[in-house]
Amino acid sequence: MKKYFCIILSICAGLLQAQNLLIKNGYVMTITQGNKENMDILVTNGKISLIQNNIPSPQGYTVIDATGKYVIPGIIDAHSHIALEVVNEATNPVTAEVNVGDALDPLDVAIYRALAGGVTISHAMHGSANVIGGQCETIKHRYGAVNPDELRMQGAPRTIKFALGENPIRTHGEGNRITPSTRMGVEQVFRDAFTGAQIYQKDWDDYKKGLRKTSPEYSLRNETLVDILKGNILVHCHSYRADEILMLMKVLKDYGVSKICFQHVNEGFKVAPELAAFGASASVFADWWAYKFEVYYSTAYNASILTRNGVVTSINSDSEELIRHLYHEAAKTQRYGDLSDDEALALITINPAKQLGIDHRVGSLEVGKDADIAIFSEHPLSVYTIPQVTIVDGQVRFDIKNDPDDMRMDINPTEKFSSFYETEKDHESSGCLKGVAEMLMEDNYTRYMRFKYSQNHSHE
Amino acid sequence: MNTTNNFLIAAFLITVVHIPASTNAQQVQKAENGVYLLTNATLHTITHGTYVGHILLRDGKIADISKNSITEASAKVIDCTNKHIYPGMIDSGSKLGLVEIDAVSVTNDFSELGDFIPHMKALTAVNPNAVAIPVTRVNGVTTVFVKPEGSIFSGTGAMIDLFGYTPEQMSCGSERLVMRFPSTGRRGRFDRRSEDDIKKDAEKSLKNINEIWESALSYARIDSAAKAENQKWITNNPQMEALKPVVYGTQPLFIEVNAKADIESALQWISEKKIKAVLMGVAEGWRVADKIVKAKIPVITGPVLSTPRRDNDRFDAPYSNAGKMAKAGIKVALRTDGAENTRNLPFNAAFAATYGMGKDEALKAITIYPAEIFGIADKYGSLDKGKTANLFVATGDPFEMKTKIEKLFIRGWDIPLESRQTLLNDEFLNRTPGIK
């Protein structure tokens, strides 16, 4: 225990101290302003203050030698569930009032592992059990902080999770025998919720104008839905099939909502011209498919087809595993679709920043932007690259040269050793259907083992 | 009257069938067989170095490979100047072809009921037309060990080539018995057993295995006695029958085991039973590499692209495991342990290479080492004269993301580099009609 305590202290002491940095002599890939050889970056008070050759080292600045290394903006994951205690409020098809920001877990070691893959920001999302799920939180990977509030990216726009297709259908239609049990039902859940919110708003407007004597009942759910209709909350919608994507764009058009980022959107390539015309963006997997029926007709060329059709596209993880090598996932668009280096890197930097409404602050290396920076040993799209240093707001949060093996902050005192997990956490159980997935998505063997152990150990 | 009508209908049908065939040029691309001479390529032979040379494919085999020019009048010559040729990559463990869609249980054929089912044969359930098979092979993966999962004795897995229309056509003739060693790990976050209960469960399971093993030995004794006396012994015990190759020592047992303590128990069990074995999974092999080396047991590990199995492990523990074991002197082959994304085998190997294994050893881990481990090195795993013509032509290093695979041969067949995923790209990249 004592040892672990020391580790925690060293993280806090070493990393939380404010740092002014000079990153020397790197190959700087700005994303928005081209690549620059032998370039220095000056970081002052958490912001990029200068990008120039041969910046003389100011007093009190820590120098990071990036000679022969590649410097890129911190990677942004537009779809993740790390740093969350819970993911799904799977009790109703509409739960707009809940917010995963109330369940942040700054002690999750997955944050550190993401940093070790150059990822500085993730979009901690509600799950996909509900048609209109909870609100999400854009977090900075300030691993070492113990206060959940310190993870929040202050000033980032509010976002909310919607979900189409199998997950809400299985959770509510099959699970609870309530609408939706089809994609027809999904559409009507939206229309019902939005129309209800319009009536709610009118009732309040009437009350404020004195046209109504008693105030309507306050509803946080409706307040949130009204904010969506006013465009104050960015919509991120779990989706797969072309038909349901078209459906949601039609519904949003009818209610005057213009900003939408489709998540997963495995069949986005089929309706890329429609997505581009609507101004919708897309956040996709590089190559995941066939784990369920609605992703059977997928192609790893999805990201490149969307990009070529003018859709702002990002590559996300939705997984504790993939988040550690998003640079590799982005590079897959060069195997499947010939995207240029700039286009491929945009998929994990400036494009997800646009989708989260934070591109004026992060997503590229520009003077004035937040000093979220990742340094790689080789070209970040090479399969042989190794992340070296990851910086969040000018703080070094990962440095491979000073990287203890055990980086846990959350230690179970009853365990002699940290548990060994036999089966790897698979896609849906660590991602969108966390909590619900264990009932819906598990494979035969897991189902069998769960049955066996729940029988043997029912007293627990 | 009837005959005339039938004739007219037949004539009409023929016409109908013929018109689209002759006017619509688009046809299904089929694999072609022939004699092929690939010239001036950089040949990554694996077993005898890398050099610029020529390679002749005939009757499904590498008929010749040489630095000097090869002449063969009947051959179709393919100039491979500035291209690289590698032997087909081999995945040492996957469910490819045994599952079509993971969440649709009726398409899952890798996990039968029961704890003691060594007679289940994965080869029986391989779907030669699984959509994921072409998706996999266009990345240069030509050969895969497809294996059953679950229970203790799960059945036999089979090494298959990713081309053919029946499981028998695809089979490489290497079927191997797969066993899951009792685990002291947790099955997932839902597994809330106490440490004592976990230990008890594992001990109970091992006791069960030992009882099965005693029966298997008795069965083998009776069987060999009957054989010695030339007696016909008819019995309905397919389980015991299936264990015979391992009991007799003609084949190794492929044992799935991952946690450190379990690997140690497995090594002890193997030495007690005096059997040949291969360890699979071996997620914590790096913690006990010295013991595995001492036992001279080869290892199949992966996926490399996976999360650390303990919260206190280094972030790169799964990346560096293969390299650490290889450096300790263990023969390490790699697997994806996946299904639809078995195509990521080269990238798993690349991560292992990057995190300590080195490119050469990582390449061997998906070519010659699996061939050796599965007893098919006389036919697979390298570019050598007489071996099966499983190879691909690439623009460069097949681990690198920008590299393109330009030609693929499986058993000498020229395989179209086409899958449903490439066809969807062809159709939708510039969709017509577009928005209107």
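The values are calculated or read from the model by the stated rules, or taken from the named source; none is laboratory data. A quick note: this is a predicted structure, and the numbers were derived from the prediction, not measured. Positions of Cβ are generated from backbone atoms using ideal geometry, with glycine treated the same way; all protein chains shown enter the neighbour counts.
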- Would you check which residues across region A:107-142 are free of Cβ contacts under 8 Å to residues at least 60 places away in the same chain and more than 30 Å from residue A:183 (Cα to Cα) and list them? A:111, A:139
- Residue that is farthest from the other protein chains (Cβ to nearest Cβ), among those in region B:170-217 that are hydroxyl-bearing (Ser, Thr, Tyr) and in contact (Cβ under 8 Å) with a residue 60 or more places away in the chain: B:174
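Condition check ((1) outside the structural domain of residue A:126 (by TED's automatic domain parsing); (2) over 23 Å from the mean Cα position of the chain (by Cα); (3) in contact (Cβ under 8 Å) with a residue 12 or more places away in the chain; (4) more than 15 Å from residue A:158 (Cβ to Cβ)) across all residues:
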| residue | (1), (2), (3), (4) |
| --- | --- |
| A:197 | no, yes, yes, yes |
| A:201 | no, yes, yes, yes |
| A:208 | no, yes, no, yes |
| A:226 | no, yes, yes, no |
| A:230 | no, yes, no, no |
| A:234 | no, no, yes, no |
| A:238 | no, no, yes, yes |
| A:241 | no, no, yes, yes |
| A:248 | no, no, yes, yes |
- Quick check, is residue A:267 modelled with pLDDT of 95 or more, farther than 20 Å from residue A:243 by Cβ, under 21 Å from the mean Cα position of the chain (by Cα) and not aliphatic (A, V, I, L, M)? no
- Scan of region A:227-238 for residues that are in a strand (DSSP E or B) and out of contact with any Asp or Glu (no Cβ under 7 Å at 6 or more places or on another chain), ordered by number: A:234, A:235, A:236, A:237, A:238
- Task: Sort out which residues of region B:327-343 are in a helix (DSSP H, G or I) and surrounded by fewer than 24 Cβ atoms within 10 Å (Cβ to Cβ), and write them in order of number.
- Result: B:327, B:328
- Message: Can you tell me which of (1) part of a loop (DSSP other than H, G, I, E, B); (2) within 18 Å of residue A:153 (Cα to Cα); (3) not assigned by TED's automatic domain parsing to the domain that holds residue A:237 is the one residue A:19 doesn't meet?
- Response: (2)
- Note on the structure: The correct count of residues that are within 11 Å of chain A (Cβ to nearest Cβ) and of a type in the set (Gly, Ala, Ser) in region B:96-136 is 6
- Query: Of all residues in region A:114-143, how many are among the hydrophobic types (A, V, I, L, M, F, W, C) and either within 14 Å of chain B (Cβ to nearest Cβ) or over 12 Å from residue A:87 (Cα atoms) (or both)?
  - Reply: 8
- Query: With (1) among the basic types (Lys, Arg); (2) modelled with pLDDT of 95 or more; (3) surrounded by fewer than 22 Cβ atoms within 10 Å (Cβ to Cβ) as the list, and residue A:113 as the residue in question, which single condition is left unmet?
  - Reply: (3)
- Message: Looking at B:283, B:266 in this structure, which one is free of Cβ contacts under 8 Å to residues at least 40 places away in the same chain and either under 23 Å from the mean Cα position of the chain (by Cα) or closer than 20 Å to residue B:155 by Cβ (or both)?
- Response: B:283
- Message: Against the condition buried (at least 22 other Cβ atoms within 10 Å of the Cβ) and either assigned by TED's automatic domain parsing to the domain that holds residue A:388 or touching a residue at least 40 places away in the same chain (Cβ under 8 Å) (or both), how does residue A:301 come out, does it pass?
- Response: no
- Working carefully through the options B:433, B:398, find the one that is within 18 Å of the chain's Cα centre (by Cα) and either surrounded by fewer than 16 Cβ atoms within 10 Å (Cβ to Cβ) or touching a residue at least 60 places away in the same chain (Cβ under 8 Å) (or both). B:398
- Message: Take residue B:77 and tell me if it is surrounded by fewer than 16 Cβ atoms within 10 Å (Cβ to Cβ), in a strand (DSSP E or B) and among the hydrophobic types (A, V, I, L, M, F, W, C).
- Response: yes
- Listing of strands (runs of 3 or more DSSP E) fully contained in region B:152-259 that carry 2 or more residues being more than 30 Å from residue B:311 (Cα to Cα): B:153-161, B:171-180
